[in-house]
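S.K.: There's a structure below that I have some questions on.
The values are calculated or read from the model by the stated rules, or taken from the named source; none is laboratory data. Since this is a predicted model, take the numbers as computed values, not measurements. Note that we place each Cβ from the backbone using ideal geometry, even for glycine, and neighbour counts take in every protein chain shown. The area values use the complete protein model at the heavy-atom level, side chains included, leaving out ligands, DNA and RNA. Shrake-Rupley method; radii C 1.70, N 1.55, O 1.52, S 1.80 Å.
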Amino acid sequence: MTIPAAFVGLMCGVLSCSYAASAQSQSAPPESTAPPASAAPAPASPPVWSLGSLDFSGYLDGYYSYNANRPSNAANGQVNDLYNFNDKTDQFNLSALKFTINHDADPIGAHVDILFGRTNALIHSATEKSTNDFIEQAYISAKPNKAHGAEFDFGQFVTSAGAEVIEAKDDWNYSRSLLFAFAIPYYHFGLRTSVPVTKTWTAGAQVVNGWNNVVDNNGGVTIGLTSVLTKPKYGWALNYYTGPENTDTQKGYRNLIDTTVTLTPTSKISAYINYDYGQNRASSQTGAETTSLHWQGVAFAARGQVTGKSALAARYEYYDDQGFETGLAQDVQEFTATYEYKWLAGLLARAEFRRDWSSQPYFHKGDTSMVDAQTTATVGFIAFFGPKR
């Protein structure tokens, strides 16, 4: 794998501009503990929505996307190939509408996320929609007083894998990465635990039905092991999932190794490196033949605060798929540049340029043509409220 020199130069430019800018703290990725900066006053916070011990929050995420290939509805449903959530193109669209109710475990708690829009349509399969539509998460929590900080969750929860999350407002770029869309699951159903081993290291284990399902179809379980190390200037997350994921059989396991290193050298700048490796083994009905498909990829991203209200982010990825996730054996690369502006408390806008290219003619153009690249431009607006910002 060779990283283009142009990308390296652009990333260095983003980092240099961020160091030179006088700005307040950046918006770090999920679970980051980057210290706040005091160089500029922070915008006013959105109002807190609470009722007793219950916290209410939510967001509305809409966008307009333009694709230079102009794929038609007849060609692929008029979408940006290899995108998810904000995939509909050459039109306005609702990416997500979400409403959350949360009660922190003290020692018993609960969390529910109700989700609408294109995001909901894509995270649930046709089978899951009959029992699980509009639900992103729904779980109960227990945090026993004498368990030294250990927490137990049971129900449906988002995966621990990945450098990005479903909510665009909590990511650096507006569009999700190839690794998020194709290398990892979205959610699980089952039991998870997390235990603070030291002040900076938290470990956990999960026993779940599988990938992106509430109702299992093979009687087996998937095991997840998680580890998060958080330091003032860097963090390291490591996740491993393994279990039978083939329909109606426990033969053949799916394995995933996911790791992310996050760097926060100053309060103005952040960066991360995310690597994923996956393998799915499947046997024929007679058991005489076994296939093993692999996928792997790496993503580099950086974000710098330019002013108290604006920020720049860039991301580059290389993704190698033997055909299991995208349906075609190919090597795919993408580069994304995003400008963010916080209008006021609870409202932000993002303007984004993205270029995807493949070793195969995978991208739709017009009604019938297939080409090896696509260029897109997107403007997104996200309004959010609640104490969990």
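S.K.: Consider region 305-325. How many of its residues are open to solvent by less than 20 Å² (accessible area, probe 1.4 Å) and within 19 Å of the chain's Cα centre (by Cα)?
M.R.: 7
S.K.: Additional query: For region 189-232, which positions are touching a Ser or Thr at 6+ places or on another chain (Cβ under 6 Å), over 18 Å from N274 (Cβ atoms) and at pLDDT 95 or above?
M.R.: The answer is S194, P196, T200, T202, A203, G204, A205, V208, I223.
S.K.: Being open to solvent by 50 Å² or more (accessible area, probe 1.4 Å), assigned to a loop (DSSP other than H, G, I, E, B) and among the β-branched types (V, I, T), is that true of even one residue in region 373-382? Step through it out loud before you land on a result.
M.R.: Filtering region 373-382 for residues open to solvent by 50 Å² or more (accessible area, probe 1.4 Å) gives 379, 381.
Subset that is assigned to a loop (DSSP other than H, G, I, E, B): none.
Taking every residue of region 373-382 in turn, none turns out to be open to solvent by 50 Å² or more (accessible area, probe 1.4 Å), assigned to a loop (DSSP other than H, G, I, E, B) and among the β-branched types (V, I, T).
Conditions (1) modelled with pLDDT under 95; (2) within 20 Å of T260 (Cβ to Cβ); (3) assigned to a strand (DSSP E or B), marked per residue:
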site	(1), (2), (3)
T286	yes, no, no
S292	yes, no, yes
W295	no, yes, yes
A299	no, yes, yes
Y319	no, yes, yes
G323	yes, no, no
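S.K.: Let me ask something else about it. With the requirement that a residue be surrounded by 16 or more Cβ atoms within 10 Å (Cβ to Cβ) and within 28 Å of T290 (Cβ to Cβ), what does region 219-237 give you?
M.R.: G220, V221, T222, G224
S.K.: Looking at region 239-251, can you tell me whether even one residue there is β-branched (V, I, T), farther than 15 Å from V221 by Cβ, open to solvent by 70 Å² or more (accessible area, probe 1.4 Å) and touching a strand residue (DSSP E or B) at 6+ places or on another chain (Cβ under 7 Å)?
M.R.: No, region 239-251 contains no residue that is β-branched (V, I, T), farther than 15 Å from V221 by Cβ, open to solvent by 70 Å² or more (accessible area, probe 1.4 Å) and touching a strand residue (DSSP E or B) at 6+ places or on another chain (Cβ under 7 Å).
S.K.: Here's another thing I want to ask about it. Specify the residue that is nearest to the chain's Cα centre (by Cα); the eligible residues are those in region 338-363 that are open to solvent by 20 Å² or more (accessible area, probe 1.4 Å), in contact (Cβ under 8 Å) with a residue 40 or more places away in the chain and within 29 Å of L60 (Cα to Cα).
M.R.: Step one: list which residues in region 338-363 are open to solvent by 20 Å² or more (accessible area, probe 1.4 Å), which gives 339, 341-345, 347, 351, 353, 355, 357, 359-362.
Pick out the ones that are also in contact (Cβ under 8 Å) with a residue 40 or more places away in the chain and you get 342, 344-345, 362.
When the remaining residues are screened for being within 29 Å of L60 (Cα to Cα), the result is 342, 344-345.
Numbers: K342: 21, L344: 25, A345: 24 Å.
Checking each candidate, the answer is K342.
S.K.: Follow-up question, since we're still on this one. Criterion first (in a loop (DSSP other than H, G, I, E, B), under 21 Å from the mean Cα position of the chain (by Cα) and buried (at least 17 other Cβ atoms within 10 Å of the Cβ)) does F335 satisfy it?
M.R.: When the stated conditions are applied, F335 does not pass them.
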